[in-house]
Amino acid sequence: MKLSAVLFDVDGTIAETEEYHRRSFNESFKEFNLDWFWDEAIYKELINVGGGKERIMYHIKRAWPEMLNFKNLSKYIDSIHKIKNEIFEDYMEDERIIPRTGVLSLIEELKVKEIRIALVSSSSEANILNLFNKALKIDPNDEFDLIAHGDITKNKKPSPEIYEWALEKLRLPPQACIAIEDSPRGLESALRANINVIVTPSILTLDEKFKDAKLVISDLGDKKNPFKTISGKDYGFSYVNFELLNKINSY
């Protein structure tokens, strides 16, 4: 089926932002006098848990199970996450963050080709808007036909719910779409929605396995900076464009 839409994950796919999320979590823990510290090894595990509040709960269940008996635990987690998001917003204002190689050129080509473009992420709407508006200086409402964020569905990735929601809103079958992801949970989420997937691993997911992805590459590449093929069939292309996406989706 001819390609009609490309669905982009955000954190780690559009830009390398997970380190800023990790720092924001750690600073929020200090605000609450919690003796928690998520180093890179811990966070590599946690990025396979979709959603910030879900990551905090996962950590509590694993390391501090006695807290599960706390009254109003969910409100406490909400408060930690709220502060974390405020700290992340500050990072987005202060740090120089750029899109990963090939992201903007691919988006521009897809717009010229009149291919619909969506963001499909487990991140909160606030975090997505802060990344685009404050760090990347891009209005996402101008660039994307749909923003599917983590506040929309009950279950986060690897559940397919967010992709199924996006397909419903776009009124497209999964066979007409392709997803671009950076993590195993994102890959699983899209595959469970019957969508083909290209993976561009982020710094924190370089060592992960991406079975059943159509193509795994270092980044999207561009005319000056070709991608490196990790696995899958690249059909001789050196950067991701409409022609390659359409060819991948046809087989």
State whether one or more residues within segment 140-151 are touching an Asp or Glu at 6+ places or on another chain (Cβ under 7 Å) and modelled with pLDDT under 95. yes
Just one of (1) surrounded by 18 or more Cβ atoms within 10 Å (Cβ to Cβ); (2) among the hydrophobic types (A, V, I, L, M, F, W, C); (3) free of Cβ contacts under 8 Å to residues at least 60 places away in the same chain; (4) touching an Asp or Glu at 6+ places or on another chain (Cβ under 9 Å) trips up residue 167, so point out which. (4)
If you take the residues in segment 175-233 that are among the acidic types (Asp, Glu) and crowded, with 17+ Cβ neighbours inside 10 Å, which one is farthest from residue 243 (Cα to Cα)? 208
If residue 70 satisfies all but one of (1) surrounded by 15 or more Cβ atoms within 10 Å (Cβ to Cβ); (2) not assigned by TED's automatic domain parsing to the domain that holds residue 127, what's the number of the condition it fails? (1)
One residue from 24, 4 being polar (S, T, N, Q) and either farther than 22 Å from residue 102 by Cβ or in contact with a Gly (Cβ under 8 Å, 6 or more places away or on another chain) (or both): 24
All positions within segment 116-143 that are more than 14 Å from the chain's Cα centre (by Cα) and surrounded by 21 or more Cβ atoms within 10 Å (Cβ to Cβ): 130, 135
Taking the criterion of being in a helix (DSSP H, G or I), closer than 20 Å to residue 194 by Cα and under 15 Å from the mean Cα position of the chain (by Cα), would at least one residue in segment 93-106 satisfy it? no
Residue hits (segment 49-85; among the hydrophobic types (A, V, I, L, M, F, W, C) and either within 25 Å of the chain's Cα centre (by Cα) or closer than 18 Å to residue 17 by Cβ (or both)) are 49, 56, 57, 60, 77, 80, 83
Go through segment 150-251 and tell me which strands (runs of 3 or more DSSP E), entirely inside it, have 3 or more residues that are farther than 22 Å from residue 116 by Cα. 229-232
Could you tell me whether residue 142 is part of a loop (DSSP other than H, G, I, E, B) and out of contact with any strand residue (DSSP E or B) (no Cβ under 8 Å at 6 or more places or on another chain)? no
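The values are calculated or read from the model by the stated rules, or taken from the named source; none is laboratory data. The model shown is predicted, which means the values in this text are computed figures rather than measured ones. Counting neighbours? That spans all protein chains shown, and the Cβs are built from the backbone with ideal geometry, glycine included.
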